[in-house]
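First comes the structure, then the notes that go with it.
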Amino acid sequence: MPDYTLRIRRYNPESGEAAYWEDHTVQMKSHSSVLEAILEVKAKQDGSIGIRCSCRAAICGSCGVRINGKPGLACNTHLQTAAARGAEGTPITVEPMGNMPVIRDLIVDMDAVHWKKIRRVTPWLINKEPIPEREYIVPHENMVDVTQSMACIQCGACVSDCLSMEVDPGFIGPAALAKAYRFVGDPRDAEHYERLKDLSEDEHGIYDCTHCFNCIDACPKGVAPMSQIMRLRRVAGSDFEIEDRNNGHRHERAFVKNIKRNGLLHEADLLPDSYGGKLHPRAVPELMQSLPTVMKAVARGKVTPAKALLHEHKAPPEVKQIFKTIEARPKREELNLYVSGYEDAEDNLDVAHVPHTDEPTPLAPTYPVPEPPTESESE
Amino acid sequence: MPSHDVLIIGAGLAGQRAALAAGGAGASVAIVSKVHPIRSHSVAAAGGINAALGPEDSWESHAFDTVKGSDYLGDQDAIEIMCREAPDEILYLEHIGVTFHRSETGHLGTRAFGGASQARTYYVADITGQAILHVLYEQLMKHHERVDRYEEWFTTDLLRDDHGHCVGAICRNLRDGRLQVFDAKSVILASGGAGQAFKPTTNGLIVTGDGIAQAFRIGAKLMDMEMVQYHPTTLAENGFLITEGARGEGAWLLNAAGERFMERYAPNKLDLASRDVVSRAEQTEINEGRGFPDGTVALDITKVPRKRTLEALREIVNIGRDFAGVDITREPIHIRPGMHYMMGGVKTDSFGETNVPGLYAAGEVACVSVHGGNRLGANSLLDTLIFGRRAGEHAAARAKGMPMPSTPGSKLADVEARIVAIIARPSGGRRIAAIKDELGTTMNRYCAVFRDADGLAEAHEIIRRLKEEAPKASIDDRGSVFNQDVIAAIELGYMLDVAEGILVAAQERKESRGAQFRTDFPERNDAQWLKHIDVSVNGGDVPKVEFSPVTITRWQPQERTY
């Protein structure tokens, strides 16, 4: 069995000392988990290392940590996988999750952050009345659909590396919003609209997510919290037509319109469109407000009046085709791995989405890749 | 000082259900758990929950299957209660939001399970325990005014007053090491089984028999302790569970020659015979050389349509991939019997009351006894919920007519001193992990699917020795904040008490019934052994053994074949 060195982040609030790194070397099988290695260290070398753990099988959600920089469960991260993330011969670093205060060693205060946010989304079913004598009759598909968010084990890995939360600690965040989808997607719940209105209007709500995909990468259970957030947005914006005061929905629509027309992002249109168009009363003060920024950009040659007003780039036919295909669908298709299975390449049950795997998906582009955007057009 | 009508220890399904029931009945309730409630091991229950809810089904049929599954050791009055009340419990769960999977008509869907004459297992993919546990916790968050939650508080002792009544508990806040007395009119133990006394086990590291040992130490009787369930499908290397739902969905068991060997052991039910039957069949195949070189047989899930596996057995797809490197949708996976569940526990009546006034128990910590010699798959979730609720309601009613008892004051100082002594232990003793490892491997070697007098005696001797070593085991952590070392030292003592209880009962029962198969007494012997074995504390000596009758209402013992 090979030797593995774990570099564990230690912290004991009673010691009065700052956190520090401590190395432990253990002999383990390469497909053993990082948790098994930590337990081996605890058993044979130092029983004082603090880590929450129980099931060892990625079900209880206790052992969320960061391993060589990546959040996840210690119990389902293999040593060889963890080691491969770092340079050869370097120790495997294990540290507490981010975005939450550390209590001791690898143990973080989930109640102060994670659970507080869960409680924010009214995390229980508000029954549709009348409650039937027997069960609610609901489509099987809906129950399979919400199983993806029910599969969340509340480990906090997504919260740990949520970039929006790092910038805005008030952000309700990926885990809690995935939990919210569990009710919005549940036909037995009476308050879909109220829930969505609430989460749209909250400036820390569904439109506070910046699509960084960190939560999808972090999640050990395939819950894909960001996908659930996007679904909340679609239901809020498209189905309930909730026009939130954060302009989140209008902004998304402006993006789509912009790409459909230009094929590329054209920011001079994006801003007014997000407020309902250049001449909309809502847009005028916003445009006025942004004038100093525009002037500065013009002065520094980042943008020219001609570029700002004229669209030199038009959407190529391939982009138009994408819109045509999607808009021609009789109903919206949702990514749901319980329905599709993400290991599938050949028989993924007609769900036309890009499957999520640990490896980058080799997608052969069927249309010419556009030139990289020029500086003035990029965000 | 926290003071409640009902104090619940343990926050898995039984504990949370008890809390909701007691709170709903108007009692003031506290629920204490050494882990966050949703980390409780109920979360790992995969396959589903049984109830005779379908139009073609009847509670009598469910009850008979359970009685037969128990090898006639289950108490039939309690089994009748459980099976009668099961349909309403499923509907309660459905109404509070459990996302049970549906049939094509949108009604609750079922899957087949072992030892059952009907497909009556309701399920949420293969995360049924998780789904129910999380939904109950949603309700605890909703009803936070009714139920005070103490998350990550470890119970060290149950408290008795001068009359011998249980009047509360002492718990340690893991976050700062503070000890606290919890006064209560009644205490409900819901702290689960003791799987960690075995190695390997499907059970989580937290499942250390705390409640069984705590109750035993204050004089509660333990019953059916010899009945330890080995689940037929666990991974060879680490003991992880592959749900029975896999066979329920159509997977086959095969030996190394590719033969469907269950045809020889259970010609009618095949892979879906009772767990004890299937586990023995597998172990026989392995022992007689028809298994694989790694001491396993194979579970072939490729028999299940791939779409169905991905939708309904996703968790074991993950487990196969992450922990065995096998894509179960494409190739068979190697499995063997592994320790899974304790049918035995703290002896209770059908309201969860133990022989210690004021002390209740529900769930795996308890023995009602609805499982007798062998539990049917998907009856444990049902057991936790039905008897959790009944205990909660009963304890709430009991609280109405009585004043808050006063706890004996000196006890807190005693416990404090004991913990200080553990933390101050000189190093040099054996390591806790080493003792625990020897305990687990000993139990798994001598007290597993096949047992005999010599092996059990040998194991008992080892456990007695470990009991002497444990109080001197080394401690590394001298702190107060999340000192997991001191908790492990206390848990080790609990596991050793439980292990001894198991071994005493297993040596006593000189017959083969349910999960207890004695190679030296291979037949069931109703004339002498159709009775429960109760064990209770006897100072520091080997526990005392007594017998109690099995309640038989309408199903006389018959020969048991599947």
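The values are calculated or read from the model by the stated rules, or taken from the named source; none is laboratory data. In this text, all values refer to a predicted model and were calculated from it rather than measured experimentally. Don't worry about glycine lacking a Cβ; one is built from the backbone with ideal geometry, like all the others, and counts go over all protein chains shown. For accessibility, only protein heavy atoms count, side chains too; no ligands or nucleic acids. Shrake-Rupley method; radii C 1.70, N 1.55, O 1.52, S 1.80 Å.
For the peptides B:80-91, B:36-47, A:60-71, the ranking by mean Cβ contacts within 10 Å, running from highest to lowest, is B:36-47, A:60-71, B:80-91.
What the phi angles of the stretch A:12-27 give under the Karplus curve with 6.51, -1.76 and 1.60, with θ = phi - 60°, is a coupling list of 10, x, 6, 7, x, 9, 6, 5, 8, 9, 9, 9, 9, 10, 9, 8 Hz, glycine and proline written as x.
For A:Lys320, what is the net charge nearby, where nearby means another residue's Cβ is under 15 Å from its Cβ and Lys, Arg count +1, Asp, Glu -1? Once positives and negatives cancel, what remains is +3. For chain B, relative contact order (Cα pairs under 8 Å, six or more residues apart, normalised by length) works out to 22 percent.
Helix content alone sets the calculated 222 nm mean residue ellipticity of chain A: runs of n ≥ 4 DSSP H residues at -39500 (n - 2.57) each, divided across all residues, give -10000 deg cm²/dmol. Assuming charge only on the beta carbon of Lys and Arg (+1) and of Asp and Glu (-1), the dipole of the stretch B:1-140 about its Cα centre is about 560 debye to the nearest 20. Separation of the stretch A:29-45 from the stretch B:407-449 is 22 Å, based on Cα centroids.
Cysteines of chain A lacking any other cysteine Cβ under 4.7 Å from their own Cβ: A:Cys75, A:Cys152, A:Cys155, A:Cys162, A:Cys209, A:Cys212, A:Cys219.
Ordered by packing density, taken as the mean number of other Cβ atoms within 10 Å over each peptide's residues, highest first, how do A:149-162, B:60-73 rank? Could you put the intermediate results ahead of the total?
Details: A:149-162: 27.1, B:60-73: 24.2.
Ranking, from highest mean packing down: A:149-162, B:60-73.
Projected over every direction and averaged, the convex hull enclosing the alpha-carbon atoms of the stretch B:84-156 yields 7.5 nm². Each stretch of four or more DSSP H residues adds -39500 (n - 2.57); spread over every residue of chain B, this sum gives -11000 deg cm²/dmol at 222 nm. Helices assigned as whole DSSP H runs in chain B whose Cα atoms extend at least 27 Å along their own long axis and whose mean Kyte-Doolittle hydropathy is -0.5 or higher are found at B:76-96, B:380-400, B:484-508.
Packing order of peptides B:156-169, B:19-32, highest average first: B:19-32, B:156-169 (average count of other Cβ atoms within 10 Å over each peptide's residues). Summed over both chains, the accessible area lost when A and B associate is about 5900 Å², using a 1.4 Å probe. Summarising the overall dimensions of the protein assembly as shown from its C-alpha atoms, the Rg and Dmax are 29.1, 101 angstrom. Round to the nearest 10 and give me the degree value, 0 to 90, for the angle of helix A:34-44's Cα axis relative to the longest principal axis of chain A. The answer is roughly 20 degrees. Search the structure for amide H atoms under 5 Å from the amide H of B:Gly114, placed 1.01 Å from N in the peptide plane, and list their residues when 5 or more places away or on another chain. Excluding prolines and chain starts, which carry no amide H, the hits are B:Gly377. Within 14 Å, Cβ to Cβ, of A:Gly47, how many net charges do the neighbouring residues add up to if Lys/Arg are +1 and Asp/Glu are -1? Value of the local net charge: 0. For a quick check: with amide H placed at 1.01 Å from N, whose amide H comes under 5 Å from B:His4's, ignoring anything fewer than 5 positions away on the same chain? Here the answer is B:Asp183, B:Ala184, B:Lys185, since their amide H atoms fall under 5 Å of that of B:His4. Taking all pairs of distinct Cα atoms, average 1/r, flip it, and tell me the Kirkwood hydrodynamic radius of chain B in Å to one decimal place. It works out to 23.5 Å. Take every DSSP beta bridge whose two residues both sit in the protein assembly as shown; close to 70 percent of them are antiparallel. A simple rule links phi to the HN-Hα coupling: the Karplus curve 6.51 cos²θ - 1.76 cosθ + 1.60 with θ = phi - 60°, which for the stretch B:529-543 gives 10, 7, 7, 7, 9, 9, 10, 9, 5, 9, x, x, 7, 4, x Hz, with x for Gly and Pro. Counts of other chain beta carbons within 10 angstrom of each beta carbon in peptide B:470-481 average 3.
What pairs in A:Lys116/B:Lys199; B:Lys411/B:Lys467; B:Lys199/B:Lys307; A:Lys197/A:Lys331 have C-alpha atoms more than 28 Å from each other? Table pairs above 28 Å Cα-Cα are A:Lys116/B:Lys199; B:Lys199/B:Lys307. Shielding by partners for peptide A:134-147, expressed as the average number of C-beta atoms from other protein chains within 10 Å of each residue's C-beta, is 6. Reported to the nearest whole Å, the Cα centre-to-centre distance from the stretch A:103-134 to the stretch B:503-538 is 46. Its residues counted as N, the stretch B:267-373 yields a C-alpha radius of gyration over 2.2 N^0.38 Å of 1.44. Roughly what angle does helix A:174-184 make with the longest principal axis of chain A, taking Cα atoms, 0 to 90 degrees, to the nearest 10? Helix A:174-184 sits at roughly 60 degrees to that axis. Remark: mean inter-chain Cβ contacts per residue of A:39-49 equal 5, using a 10 Å Cβ-Cβ cutoff to other protein chain atoms. Relative to the dominant Cα principal axis of chain A, helix A:225-234 is inclined by about 20°. Averaging Cα coordinates gives a centre for the stretch A:304-319 and one for the stretch B:292-320; these two points are 53 Å apart. What is the sum of charges, Lys and Arg at +1 and Asp and Glu at -1, for the other residues whose Cβ falls under 12 Å from the Cβ of B:Pro87? Computed value for this residue: -4.
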